[in-house]
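Trainee: First the structure, which I've put down as structure tokens, then a few questions once you've had a look.
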Amino acid sequence: MIFLCIYFLCFEHEIPSFLNIKINNLRISHTSEITETGKAISFFITYFIVLSLTLGSLFFLRKFVHDIKPRNIFTKKQTHYLKRIGQCIVGATLAKFIFTILWRLYFNITNGDLSAEVYAELGFGATDLFGNEFFIICIGLFFLFLAKLFSIAQRQKEENELTI
């Protein structure tokens, strides 16, 4: 499906009627003309970056979980994994948020509608927490906080081991 979308976005002047795509509340249908390959390429590159960072956070989370053992806790590797998880989550969320703003701005400019409002939604809500960028950034910051706690605990552990 992804390769089919890339083909039609890059090489065709119109998206066929059987493809109706909705991304970040923007509907791209068979009536939308996308003639510039730059739009499609920038879209897929940005979403590839977001997907890579998301998968990277899951990879580091897996490595972190496998590294924790009863006698092997508060190590430098675990601190490193927690820090990378937090950075990947915050980076992916910020990239998606910034890309959404730029994508909406670009669509308004290329459609000739300069008076239209360009907005981004960032707020609180309990209906769709994992769709809320603010909540996901808080999760990433929580992992960064845990990394800091693990580094403090690691230093305390090293001092305890050196004390007789």
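Please treat every number below as a calculation from the coordinates, not as lab data. What you are looking at is a predicted structure, and each value in this text was computed from that prediction instead of being measured. As a convention, Cβ positions derive from the backbone with ideal geometry for all residues, glycine included, and neighbour counts pool all protein chains shown.
Trainee: Kindly flag which residue pairs out of K63/K96; K76/K157; K69/K157; K77/K157 have an alpha-carbon separation exceeding 20 Å in this structure. Don't skip to the end; give the middle numbers.
Mentor: Values: K63/K96 25 Å; K76/K157 12 Å; K69/K157 15 Å; K77/K157 14 Å.
K63/K96, as the Cα separations exceed 20 Å there.
Trainee: Another one. With each label point set 7 Å from Cα along the Cα-Cβ vector, what nm distance links F145 and K76?
Mentor: 2.7
Trainee: Another one. Given labels modelled 7 Å from the Cα in the Cβ direction, how far is it in nm from Q156 to S52?
Mentor: 3.8
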